[in-house]
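Enquirer: Before I ask anything, let me first share the structure, which is written out below as structure tokens.
The values are calculated or read from the model by the stated rules, or taken from the named source; none is laboratory data. Only a predicted model underlies this, so the values are computations on that prediction, with no experimental measurement involved. Glycine gets a Cβ as well: all are built from the backbone with ideal geometry, and neighbour counts include every protein chain shown. These accessible areas exclude ligands, DNA and RNA; they are computed on the full protein's heavy atoms, side chains included. Shrake-Rupley method; radii C 1.70, N 1.55, O 1.52, S 1.80 Å.
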Amino acid sequence: VSAGIQYKMNPKLKWDNVVNFLSYTQDEELNQKSTMADYNNSLEQHALMGNMTGKNDILNVQSVMAYNKSDKFTFQSGAKVSSIAINSNALYNSFEPGGWIQDKELSSGFKYQENIWAGFLQAAQKWSERFSTEAGLRLEHTNTEAGYVSESRDSTLVRHYNQLFPSIAINYILTEGHTISFQYGRRIVRPNYRDLNPFTEVNDFYLQERGNTALRPELLNNLEVLWLLKSKHMLSMFYTVRQNPITKSYLTEPDSGITSVMPLNLKQSYTTGFKASINTLKPTKWWTSYFNGSLTYKEFYWQESGNHYKNSLLTPSLQLNNQFELLRNWAFEIT
């Protein structure tokens, strides 16, 4: 369900309000039967019968006031409230010699409530024909409470935290067709709700996947310098610091040999590199090319069993799109 209303006080001042509500239920059967054979041709059979049910409710309410004083100055302020409620249950039964028996290790219940209150200010100013700036500030207060119940664990996780997110952009026209831009922004990337749900999804007897209620959101600080040429071509350098990056991890239980796939927070990561975009090149009248490329270097840091680790990766990326015009309004494309 979505609804919105806009009210214009005058040509320069308007007020926008939007409400979105989403509710959906889950009822999924997870049944499987597997046969494992070792090198001696000894067979081992396993059967599992599962049922996952749940209900998710998501509510977003936003109110924004926009003031366009002139072509040179604009201002916005607003508030947003988000609420997410998750209530899920998983019931597994394993087939034993005596018949179907509830698997208490896999069966569990999960409740999650997240409330976010946010307010923001944003202003843009054109100081001259060549120089303009845009700046913003957003304050968020987040309350989360997660409850998990299973045979082996009964836990409640409560978090309250405030976050401040500034942003700024500075644009300067060097000469006609050449623009330099400096951009900085801080933002948050919250875990998706599937990654937070601690339910165990059994792929087979030796591979399971589950969420992690202790996941923390990622915090990103990004710097970028861009050179825009003739409003078509772009070169940029960027640098990003990411705290608590989320990644899928593979954990093997020594006693059972079962591998669990679950998301975990690394300590931090750094990303730097170059990007280029060259558009609408015409080697001939009937041939048009578009070029996009980047060179990215990443470093990841994490801690495991008291030891500190580092990994790095250099990634080149290249895309070239060619469009060829033929006779009689025909054309073809090579990417």
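Enquirer: Tell me the relative contact order for the chain as a rounded percent, counting alpha carbon contacts under 8 Å between residues six or more apart.
Expert: Averaging sequence separation for qualifying contacts and normalising by length gives 8 percent for the chain.
Enquirer: Taking the Cβ of Asn221 as the centre, find all other residues whose Cβ is under 9 Å away and add up their charges (Lys, Arg: +1; Asp, Glu: -1).
Expert: Overall, the nearby charge balance is +3.
Enquirer: What's the long-distance tail for region 156-272, i.e. % of Cα pairs beyond 23 Å?
Expert: 52 percent
Enquirer: In terms of the Cα gyration tensor, with a ≥ b ≥ c the square roots of its eigenvalues, is region 72-148 rounded because a/c is under 1.5, prolate because a/b exceeds b/c, or oblate? Mind dumping the intermediate values first?
Expert: Numbers: a/c = 7.35, a/b = 4.13, b/c = 1.78.
Prolate, since a/c reaches 1.5 and a/b exceeds b/c.
Enquirer: Here's a follow-up. Given a 1.4 Å probe and every protein chain left where it sits, what share in percent of the accessible area of region 182-335 is carbon and sulfur?
Expert: On the way: 5560 of 9820 Å².
Result for region 182-335: 57 percent of the exposed heavy-atom area is carbon or sulfur.
Enquirer: Would you list the P(r) distribution for region 1-59, with all Cα-Cα distances sorted into 10 Å bins from 0 and each bin expressed as a whole %?
Expert: The calculated distribution, bin by bin, is 16, 19, 17, 14, 12, 10, 7, 4, 1.
Enquirer: Further, regarding this structure: Two decimals is fine: what's Rg over Rh for region 265-319, C-alpha atoms, Kirkwood radius as Rh?
Expert: Looking at region 265-319, the ratio lands at 1.33.
Enquirer: Express the accessible area of region 63-108 per residue in Å², computed with a 1.4 Å probe while the remaining protein chains stay in the model. Can you show the working numbers first?
Expert: Numbers: 2660 Å² over 46 residues.
Ligands and nucleic acids excluded, the figure is 58 Å² per residue.
Enquirer: Could you give the alpha-carbon Rg of the chain over 2.2 N^0.38 Å, rounded to two decimals?
Expert: Dividing the Cα radius of gyration by 2.2 N^0.38 Å gives 1.34.
Enquirer: May I ask for the distance between the Cα centers of region 245-263 and region 104-144, given as a whole number of Å?
Expert: 31 Å
Enquirer: Could you work out which residue, out of Gln76, Gln208, Gln303, moves most in a Gaussian network model of the chain, that is, has the largest mean-square fluctuation with Cα springs under 10 Å?
Expert: It is Gln303.
Enquirer: While we're here: Could you tell me the convex hull volume per residue, in Å³, taken over the Cα atoms of region 34-93? Can you show the working numbers first?
Expert: Values: hull volume 9.4 nm³, N = 60.
Output value, Cα hull per residue: 156 Å³.
Enquirer: Please give the per residue accessible area of region 202-335, computed with a probe of 1.4 Å over protein heavy atoms only, in Å². Can you show the working numbers first?
Expert: Working: 8790 Å² over 134 residues.
Each residue of region 202-335 exposes 66 Å² on average to a 1.4 Å probe.
Enquirer: Using only the Cα atoms of region 133-181, build the gyration tensor, take square roots of its eigenvalues as a ≥ b ≥ c, and label the shape rounded, prolate or oblate: rounded if a/c is under 1.5, else prolate if a/b is larger than b/c, else oblate.
Expert: Because a/c hits 1.5 or more and a/b exceeds b/c, region 133-181 counts as prolate.
Enquirer: If the only charges are +1 at each Lys and Arg Cβ and -1 at each Asp and Glu Cβ, what is the size of the charge dipole of the chain around the Cα centre, to the nearest 20 debye?
Expert: With Lys and Arg at +1 and Asp and Glu at -1, about 2300 debye.
Enquirer: Right, another one. Å³ per residue of the Cα convex hull, for region 16-169? Intermediate results must be reported in sequence, preceding the final value.
Expert: Numbers: hull volume 28.3 nm³, N = 154.
Cα-based convex hull of region 16-169, divided per residue, equals 184 Å³.
Enquirer: Next question, about the same structure. Suppose every Lys and Arg Cβ carries +1 and every Asp and Glu Cβ carries -1, with no other charges. What dipole size does region 36-150 come out with about its Cα centre, to the nearest 20 debye?
Expert: In total the dipole reaches around 900 debye.
Enquirer: Which Rg and Dmax, in Å, describe the Cα atoms of region 103-206?
Expert: 23.0, 71
Enquirer: While we're looking at this one, here's another question. One-quarter of the Cα convex hull surface for region 224-276, in nm²?
Expert: One quarter of the hull surface, i.e. the mean projection, equals 5.4 nm².
Enquirer: Please give me the summed charge of the neighbours of Val189: other residues whose Cβ is under 12 Å from its Cβ, Lys and Arg +1, Asp and Glu -1. Present the calculation step by step, with values, prior to reporting the outcome.
Expert: On the way: positive: Arg186, Arg187, Arg190, Arg216, Arg242; negative: Asp195, Glu218.
Here the charged neighbours net out to +3.
Enquirer: OK, next. In cubic angstrom, how much convex hull volume per residue do the alpha carbon atoms of region 221-335 span?
Expert: 154 Å³
Enquirer: Then there's this: I'd like the carbon and sulfur percentage of the solvent accessible area for region 4-66, probe radius 1.4 Å, heavy atoms only, ligands and nucleic acids excluded.
Expert: Details: 2460 of 4590 Å².
Roughly 54 percent of what the probe reaches on region 4-66 is carbon or sulfur.
Enquirer: Rounded to the nearest 10 Å², what accessible area does Thr280 have for a 1.4 Å probe in the complete protein model?
Expert: Answer for Thr280: close to 60 Å² accessible.
Enquirer: Another question, if that's okay. So what is the relative contact order for region 282-325, in percent, with contacts set as C-alpha pairs under 8 Å and at least six apart?
Expert: Computed over region 282-325, the figure is 49 percent.
Enquirer: Measuring from a point 7 Å past the Cα of Arg159 along Cα-to-C-beta, which residues in region 102-138 have an amide N at less than 14 Å?
Expert: 112-116
Enquirer: Among Leu223, Tyr250, Tyr309, pick out the residue whose Cα is farthest towards the positive end of the charge dipole of region 213-311, where Lys and Arg carry +1 and Asp and Glu carry -1 on C-beta, about the Cα centre.
Expert: Leu223
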